[in-house]
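J.: Quick one: the structure is below, questions incoming.
The values are calculated or read from the model by the stated rules, or taken from the named source; none is laboratory data. Worth saying up front: this structure is predicted, and the values here are computed from it rather than measured. Backbone-built Cβ (ideal geometry, glycine too); neighbour counts: all protein chains shown.
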Amino acid sequence: MTFKELNIAPAILKALDQENYTAPTPIQEQAIPAVLAGKDLLGCAQTGTGKTAAFAVPIVQLLSSRQTAGGGPRRIRSLILSPTRELALQIAENIEAYSRFTRIRCTAIVGGVSQRAQERALQQGADIVIATPGRLMDLIHQKHVDLKHVEIVVLDEADRMLDMGFVHDVKRIMAMMPGSKQTLFFSATMPPEISKLAGSILKDPVRIEITPVSSTAERITQSVYKVDKANKQKLLAHLLQDPSMDSVLVFTRTKHGADRVVRDLAKAKVTAAAIHGNKSQNARQNALSSFKNGTARVLVATDIAARGIDIDELSYVINFNLPNIPETYVHRIGRTGRAGMSGTAISFCEFDELPYLKDVEKLIGKRIPEVKEHPYPMLQLQTPPLQGQPSGSGSASNKPRQPKPQGQQKPRAQSGSRPQSNTGSQSNSSSQSKPRPYSARPRQKVER
Ligand code: AMP
């Protein structure tokens, strides 16, 4: 299948050719004809599948073909809603590339930067607006945005939109557009709330599902290192002694955690940058650029900040913390091994994260090979007692093996400085002490 066979107009074909898109990806093959036919769409697909072009290319084509030759102000005819600024900017970048040889204009409306330039761009007129819900609502209230002429709306990463608490804004924004519009709805996961939202706004949609989340992980080499929390940083620095790990995305649970990892890597003379919601838009863009141009070897990110970031040729993902939502693991490791390339995902699992590891393995339907030969093996085999409680219940066999004080553990004699691949010994939980059963699992806070 070629883009030409999908009836893409010559001006867009030329732009795709410049982007080196030789053939459509599966989601593009399925979505482009449906969108060109004016259908609503429900796409279950994640970043990395080519979903941006799957909706953006036919939108540019439809709007171009409906463009009137003569005057009249340019009106917003397509609105694309994205949960994060980075994703919005990336979509805008892609649309600029795809529409390079057309008369379509697009602009991004995102928070975290001055509003002035966005107001000016809107005054000059844009056919396509790519926006995060918060800033868009501000500009709507200030009457800088009129959505009454929108013909096609896209909700991208709807599950994240929900996670981030944008669902009410989204519903309000949807209500400001004509009822006759075409709606394209994308979500990486389809929990019941998302299905419900989709059901309430889509009309007889074409459904497309690309690589169910659990199968994405197949082409990626995965391994897990069980390690005490206090030694994770040392293990990271140890693994990064391998110079072949030249472009590594590290995920942390919290923004502070991300900053801490960057600081400690600097001490270990590893160039790293952090990207998370506490950073200004400029700082995030700088971090991303320094990672893309190779100045920073490591990019440390929280989940939401990393979502949608378009980084080519990323060969390593390291989970400094395992996520409590197993699908998040699959999204994270899906950042590597894109477009058929192979990738490596390494996870650090501390004692409290063992249940998360189990959940992930259940989702992906296989054990993640454990690398046991490393200098910082997990010593904590039981949750430390709460303050004021007796340690252990008396029986010697129940007594926890006390870990050495944090930060004091000496590395074991090293068997080589290269990180182990998944050829290491397989996890054998029967030989491990069983963790105490967990009654309640803390939910991680969603970070923006
Ligand atoms: P996305 O899922 O939209 O974030 O796209 C993932 C990456 O694949 C981006 O770097 C796109 O530029 C690239 N891409 C999208 N479609 C194609 C295609 N048909 N051929 C080659 N690369 C593509």
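J.: Name the residues in region 248-269 that are surrounded by fewer than 19 Cβ atoms within 10 Å (Cβ to Cβ) and not in a helix (DSSP H, G or I), would you?
T.: At the first step, the residues of region 248-269 found to be surrounded by fewer than 19 Cβ atoms within 10 Å (Cβ to Cβ) are 254, 256, 259-260, 263-264, 266-269.
Matches in region 248-269: Thr254, Ala268, Lys269.
To keep it simple, each residue is scored yes or no on (1) more than 23 Å from Phe185 (Cα to Cα); (2) without any contact (Cβ under 8 Å) to a residue 40 or more places away in the chain; (3) assigned to a helix (DSSP H, G or I); (4) charged (D, E, K, R).
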site: Asn20; (1), (2), (3), (4): yes, yes, no, no
site: Phe55; (1), (2), (3), (4): no, no, yes, no
site: Gln61; (1), (2), (3), (4): no, no, yes, no
site: Gln67; (1), (2), (3), (4): yes, no, no, no
site: Ile76; (1), (2), (3), (4): no, no, no, no
site: Ala92; (1), (2), (3), (4): no, yes, yes, no
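J.: Moving to a separate point now. Go through the residues of region 77-86 one by one and say whether even a single one is more than 21 Å from Leu147 (Cα to Cα) and surrounded by fewer than 21 Cβ atoms within 10 Å (Cβ to Cβ).
T.: Just the residues of region 77-86 that are more than 21 Å from Leu147 (Cα to Cα), to begin with: 86.
Add one more test, that the residue is surrounded by fewer than 21 Cβ atoms within 10 Å (Cβ to Cβ), and what stays is none.
Checked region 77-86: no residue is more than 21 Å from Leu147 (Cα to Cα) and surrounded by fewer than 21 Cβ atoms within 10 Å (Cβ to Cβ).
J.: A further question on this structure: Ile76 passes all but one of (1) of a type in the set (A, V, I, L, M, F, W, C); (2) within 23 Å of the chain's Cα centre (by Cα); (3) away from the ligand (no atom under 11 Å from the Cβ); which number fails?
T.: (2)
J.: Okay, next question. Do we have any residue at all in region 189-200 that's in the same structural domain as Pro83 (by TED's automatic domain parsing), in contact with a Cys (Cβ under 8 Å, 6 or more places away or on another chain) and at pLDDT below 95?
T.: Taking region 189-200 first, the residues in the same structural domain as Pro83 (by TED's automatic domain parsing) are 189-200.
Okay, now just the ones that are also in contact with a Cys (Cβ under 8 Å, 6 or more places away or on another chain), so 189-190.
Retained after the next criterion (residues that are at pLDDT below 95): 189-190.
Yes, region 189-200 contains at least one residue that is in the same structural domain as Pro83 (by TED's automatic domain parsing), in contact with a Cys (Cβ under 8 Å, 6 or more places away or on another chain) and at pLDDT below 95.
J.: Take the residues of region 295-319 that are of a type in the set (S, T, N, Q) and part of a loop (DSSP other than H, G, I, E, B): which is modelled with the lowest pLDDT? Talk me through it step by step, then tell me what you get.
T.: Quick first cut of region 295-319, residues of a type in the set (S, T, N, Q) only: 295, 302, 315, 319.
Still in the running and part of a loop (DSSP other than H, G, I, E, B): 295, 302, 315.
Details: Thr295: 91, Thr302: 87, Ser315: 81.
By that ranking, first place goes to Ser315.
J.: Mind listing whichever residues of region 1-35 are surrounded by 17 or more Cβ atoms within 10 Å (Cβ to Cβ) and either closer than 22 Å to Ala158 by Cα or of a type in the set (D, E, K, R) (or both)?
T.: Across region 1-35, the qualifying residues are Thr25, Ile27, Gln28, Glu29, Gln30, Ala31, Ile32, Ala34, Val35.
J.: Which of the residues spanning region 9-22 are within 11 Å of the ligand (Cβ to nearest atom) and at pLDDT 95 or above?
T.: Step one: list which residues in region 9-22 are within 11 Å of the ligand (Cβ to nearest atom), which gives 16-17, 19-22.
Across region 9-22, the qualifying residue is only Leu16.
J.: Here's a follow-up. Please find, within region 60-69, the residue that is modelled with the lowest pLDDT out of those that are out of contact with any helix residue (DSSP H, G or I) (no Cβ under 7 Å at 6 or more places or on another chain) and either within 8 Å of the ligand (Cβ to nearest atom) or not hydroxyl-bearing (Ser, Thr, Tyr) (or both).
T.: Taking region 60-69 as the starting set, the residues that turn out to be out of contact with any helix residue (DSSP H, G or I) (no Cβ under 7 Å at 6 or more places or on another chain) are 63-69.
Among the residues that remain, those that are also either within 8 Å of the ligand (Cβ to nearest atom) or not hydroxyl-bearing (Ser, Thr, Tyr) (or both) are: 63, 66-67, 69.
Numbers: Leu63: 97, Arg66: 90, Gln67: 79, Ala69: 67.
That would be Ala69.
J.: Among the residues of region 142-180, which ones are more than 24 Å from Ile304 (Cβ to Cβ), in contact with a Leu (Cβ under 8 Å, 6 or more places away or on another chain) and of a type in the set (A, V, I, L, M, F, W, C)?
T.: Initially, region 142-180 is screened for residues more than 24 Å from Ile304 (Cβ to Cβ), giving 142-152, 175-180.
Now narrow it down to the ones that are in contact with a Leu (Cβ under 8 Å, 6 or more places away or on another chain): 144-145, 147, 150-152, 176-177.
Residues satisfying the conditions are Val145, Leu147, Val150, Ile152, Met176, Met177.
J.: Looking at region 151-169, which of its residues are among the aliphatic types (A, V, I, L, M) and touching a Pro at 6+ places or on another chain (Cβ under 6 Å)? Let's see the steps before the verdict.
T.: Let us first name the residues in region 151-169 that are among the aliphatic types (A, V, I, L, M), namely 152-155, 158, 161-162, 164, 167.
Across region 151-169, the qualifying residues are Met161, Met164.
J.: Counting just the residues of region 327-357 that are within 20 Å of Gly50 (Cβ to Cβ) and outside any helix (DSSP H, G or I), which one comes out modelled with the lowest pLDDT?
T.: In this case the residue turns out to be Met341.
J.: Still on this structure, I have one more. Of all residues in region 23-50, how many are part of a loop (DSSP other than H, G, I, E, B), out of contact with any strand residue (DSSP E or B) (no Cβ under 8 Å at 6 or more places or on another chain), more than 6 Å from the ligand (Cβ to nearest atom) and not hydrophobic (A, V, I, L, M, F, W, C)?
T.: 1
J.: Hey, another quick one. How many of the residues in region 113-164 are among the hydroxyl-bearing types (Ser, Thr, Tyr) and modelled with pLDDT under 95? Break it down into steps so the answer makes sense when it comes.
T.: First pass over region 113-164, keeping only residues among the hydroxyl-bearing types (Ser, Thr, Tyr): 114, 132.
If we keep only those that are modelled with pLDDT under 95 as well, we get 114.
Total meeting the criteria: 1.
J.: Taking region 4-23 on its own, how many of its residues are within 28 Å of the chain's Cα centre (by Cα) and over 16 Å from Ile95 (Cα atoms)?
T.: Summing the residues that are within 28 Å of the chain's Cα centre (by Cα) and over 16 Å from Ile95 (Cα atoms) in region 4-23 gives 2.
J.: Does region 392-409 contain any residue that is within 20 Å of Thr302 (Cα to Cα), surrounded by 12 or more Cβ atoms within 10 Å (Cβ to Cβ) and at pLDDT below 90? Break it down stepwise before answering.
T.: First, pick out the residues of region 392-409 that are within 20 Å of Thr302 (Cα to Cα): none.
Checked against the condition, which is being within 20 Å of Thr302 (Cα to Cα), surrounded by 12 or more Cβ atoms within 10 Å (Cβ to Cβ) and at pLDDT below 90, region 392-409 yields no hits at all.
J.: Take Ala53 and decide whether it is out of contact with any Gly (no Cβ under 6 Å at 6 or more places or on another chain), more than 16 Å from the ligand (Cβ to nearest atom) and modelled with pLDDT of 95 or more. Reasoning before the result, please.
T.: Numbers: out of contact with any Gly (no Cβ under 6 Å at 6 or more places or on another chain): yes; more than 16 Å from the ligand (Cβ to nearest atom): no; modelled with pLDDT of 95 or more: yes.
In short, no.
J.: Six or more apart or on different chains, Cβ under 7 Å: which pairs go from a residue in region 288-302 that's surrounded by fewer than 18 Cβ atoms within 10 Å (Cβ to Cβ) to one that's assigned to a loop (DSSP other than H, G, I, E, B)? Could you list them?
T.: Qualifying pairs under 7 Å: Ser290/Ala296; Lys292/Ile311; Thr295/Thr271.
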